[in-house]
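A short write-up of the structure that comes next.
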């Protein structure tokens, strides 16, 4: 089994990814806070290069799902410098596979369009989106220079999958991925042999019914398909006869 360092294992994303990965990989869970389910994790501060380096020793891949959204100083340190530390450690240790994540950076500009896949990003001035976009550029440059295969997933939200048809009026969630699909695509990224230019940024969403945004590149390069037709839960149905 590949040994994978999972940074951010106790955050807003990590606990929902672990169940889909733990049977496939030897996970080294790491974070700066306790796991919400009491699972043992290694204390690793992504802002500290030496800690990241030591945690990554002996690993075949690094997954970085750390994030700080609303604090200027910590947002830059965790989101941007954290990515810098991850990629430096990968280079020093000869780790050739990285999975990273960040917020989508297109919705403010492309919500009136359709079939948007690999559009130019416009992250804006917010610390969260801007610091994460800098992290993507750091990952891209390191990957291309040092032959590291890096998949960078962007999305607008991560939620539980619906379990019954949505009967009350509701729009299909935009740029939202369900837990099962993100687990699935992370496994695909950890197993893919190579990516064009060593780095690719992928839209990740489970609901494509409205046709605004798509996951065509993830399908083409990773073989991704949603784990089921999630749009079916939002399709309009005839009212029962009275």
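The values are calculated or read from the model by the stated rules, or taken from the named source; none is laboratory data. Since the model is a prediction, treat every value here as computed from it, not as a measurement. So basically every Cβ, Gly included, is an ideal-geometry build from the backbone, and we count neighbours across all protein chains shown.
What residue, among those in the range 125-136 that are assigned to a helix (DSSP H, G or I) and farther than 22 Å from residue 213 by Cα, is modelled with the lowest pLDDT? Talk me through it step by step, then tell me what you get.
Initially, the range 125-136 is screened for residues assigned to a helix (DSSP H, G or I), giving 127-136.
Of the ones still in play, those that are also farther than 22 Å from residue 213 by Cα are 127, 131, 134-135.
Details: 127: 91, 131: 95, 134: 96, 135: 97.
Checking each candidate, the answer is 127.
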key: Residue among 141, 177, 163 that is more than 16 Å from residue 62 (Cα to Cα), in a helix (DSSP H, G or I) and free of Cβ contacts under 8 Å to residues at least 40 places away in the same chain   = 141
message = Considering only residues that are surrounded by 18 or more Cβ atoms within 10 Å (Cβ to Cβ), touching a strand residue (DSSP E or B) at 6+ places or on another chain (Cβ under 8 Å) and part of a loop (DSSP other than H, G, I, E, B), which ones fall in the range 22-54?
response = 25, 32, 41, 44, 46
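Restricting to the range 88-105, and then to whatever is over 16 Å from the mean Cα position of the chain (by Cα) and crowded, with 19+ Cβ neighbours inside 10 Å, can you tell me which residue is farthest from residue 7 (Cα to Cα)? Let's see the steps before the verdict.
In the first step, residues of the range 88-105 are kept if they are over 16 Å from the mean Cα position of the chain (by Cα); the result is 88-96.
This time we only want the ones that are crowded, with 19+ Cβ neighbours inside 10 Å, so: 89-90, 95.
Values: 89: 13, 90: 13, 95: 15 Å.
So the residue we want is 95.
Could you list all residues from the range 148-160 that are assigned to a loop (DSSP other than H, G, I, E, B) and in contact with a helix residue (DSSP H, G or I) (Cβ under 6 Å, 6 or more places away or on another chain)? Talk me through it step by step, then tell me what you get.
So in the range 148-160, the residues assigned to a loop (DSSP other than H, G, I, E, B) come out as 148, 156, 160.
Correct list: 148 only.
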message = Condition first: surrounded by 14 or more Cβ atoms within 10 Å (Cβ to Cβ) and closer than 14 Å to residue 118 by Cβ. Can you find one or more residues in the range 187-194 that meet it?
response = no
key: Residue in the range 159-179 that is farthest from the chain's Cα centre (by Cα), counting only those that are crowded, with 19+ Cβ neighbours inside 10 Å and closer than 30 Å to residue 73 by Cβ   = 175
query = Any idea how many residues of the range 76-87 are within 18 Å of residue 13 (Cβ to Cβ) and surrounded by fewer than 23 Cβ atoms within 10 Å (Cβ to Cβ)?
reply = 1
key: Any hit, the range 109-118, residues being free of Cβ contacts under 8 Å to residues at least 60 places away in the same chain and within 26 Å of residue 16 (Cα to Cα)   = no
